[in-house]
C-alpha cells in the first residue's frame, strides 16, 4: 500500500492520498522548483496531461518548497496539475524519496528529495516505481506504466 499523506497544494488546498481513491495517481518527487531538470520533467507531464488523464490518472508533484515557490513555478511554466508543498519532508520520508545512498544523504541533509515517481493504482497500492527518470521524456515513461 502507498503511504498515506496530506498537505497543501499550489493553491493552498489540502490534499490527501485518500482523495485519489478510485483513480490512479502519478505521484512524482522532484528536487527543486525552477531548476533545469525539474522544469523539463514538469513540462513533459504538463504537455501530456490530457493523455495521462485519459488513462484515468491524476498528477501530483512533490518537493520541499513552500506554496509560494510552487505558485511561481506553476505560473511561469503554466503547469496544469498541483504541486504539494512538503516543507517538513514528511511525505518524501514516507515514500523513501529522501536520504538514500551517499548522494541522497547529502541531498537529504539539504532537504532535497530524490527524483522518483510512484504510480499508485485505484486502490491506493503502489503499482510502479520509476527511479530512472528521463526528465525530458518523463510523461512517456509514465504513460508506459499506466
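Points worth noting:
- Theoretical gain in end-to-end length, residue 129 to residue 1 [0.36 nm per residue, Cα-Cα removed]: 44.8 nm
- Panel values: the stretch 8-49, Kirkwood radius from alpha carbon pairs, Stokes-Einstein at 25 °C and 0.890 mPa s, translational diffusion coefficient 203 µm²/s.
- P(r) of the stretch 9-122 over all Cα-Cα pairs, binned every 5 Å from zero, in whole percent: 2, 12, 23, 25, 21, 12, 4, 1
- Estimated FRET transfer efficiency when R0 is 25 angstrom, pair residue 93-residue 54 (beta carbons, to 0.05): 0.15
- Structure-based [θ]222 nm, the chain - -39500 (n - 2.57) summed over DSSP H runs of at least 4, per residue, nearest 500: -9500 deg cm²/dmol
- Taking other C-beta atoms within 10 angstrom as a stand-in for reagent exposure, 32, 1 fall in the order 1, 32, fewest first.
- Exposure proxy ranking, count of Cβ atoms within 10 Å, fewest first, for 33, 86, 49: 49, 33, 86
- The value of relative contact order for the chain, using C-alpha pairs under 8 Å at least six residues apart, is 33 percent.
- The residues 87, 74, 13, 67, when put in order of fewest to most other Cβ atoms within 10 Å, stand as 13, 87, 67, 74.
- Share, in percent, of DSSP beta bridges within the chain that are antiparallel, nearest 5: 60 percent
Every read-out reported here was derived from the displayed coordinates using simple, explicitly stated rules and does not represent laboratory data. Please read these numbers as outputs of a predicted model, since none were measured by experiment. So basically every Cβ, Gly included, is an ideal-geometry build from the backbone, and we count neighbours across all protein chains shown.
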